[in-house]
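Heads up, the thing below is written out as structure tokens.
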Amino acid sequence: MIKLQFIHVPGCHTCMLVMDIIEEIKPQFPDLEIEKIDATTPKGQELTMKYRIMSSPGLIINGESFSMGMIKKEDLVKKLQSLQKKNE
């Protein structure tokens, strides 16, 4: 199982673009679990502080900060593929 926590801000344009990328690649990773967390909630604020997320969205993969702000689809795919291989 790969756990991706998606820390977003409501109405954030970049967050929507990154979520589109995640949804597009999700079929390639059947063991990917996505948790969407609003950054304005207590849990969102806690994770934002813990991982020092300075721009939206923040991506945390298996408890490790992966990115902040806009991402490249290729970088995310590469990271998820490496984790998937470890889980095999």
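Some notes on this structure:
- Spin-label pair Lys36/Glu23, simplified geometry with 7 Å Cα→Cβ offset, distance in nm: 0.8
- Based on protein heavy atoms only, the chain ends up with 61 Å² per residue of surface accessible to a 1.4 Å probe.
- Remark: the Thr14-Lys72 segment gains 19.7 nm on full extension, using 0.36 nm per residue and subtracting the alpha carbon distance.
- In order along the range 48-60, the Karplus-derived 3J(HN,Hα) couplings, from 6.51 cos²θ - 1.76 cosθ + 1.60 at θ = phi - 60°, round to 4, 5, 4, 9, 6, 6, 9, 8, 9, x, x, 10, 10 Hz, and Gly and Pro are given as x.
- Compactness of the chain, expressed as Rg and Dmax over alpha-carbon positions, Å: 12.3, 37
- Cα long-axis angle, helix 73-87 against the chain (0 to 90 degrees, to the nearest 10): 60
- Normalised by the number of residues in the range 33-88, the mean separation of alpha-carbon contacts (under 8 Å, six or more apart) gives a relative contact order of 17 percent.
- Relative to the dominant Cα principal axis of the chain, helix 13-25 is inclined by about 20°.
- Available extension along the chain between Asn62 and Met1 is 21.1 nm, counting 0.36 nm per residue and deducting the alpha carbon span.
- Packing-based ranking, highest mean first, of 3-9, 60-66 given that Cβ atoms within 10 Å are counted: 3-9, 60-66
- Element breakdown for the chain at a 1.4 angstrom probe: carbon and sulfur atoms account for 54% of the accessible area.
The values are calculated or read from the model by the stated rules, or taken from the named source; none is laboratory data. Treat the numbers as computed from the prediction; the structure is a model and nothing was measured. When we count neighbours, we look across all protein chains shown, and the Cβ atoms used for this are built from the backbone with ideal geometry, even at glycine. Surface accessibility is based on the protein's heavy atoms, side chains included, excluding ligands, DNA and RNA. Shrake-Rupley method; radii C 1.70, N 1.55, O 1.52, S 1.80 Å.
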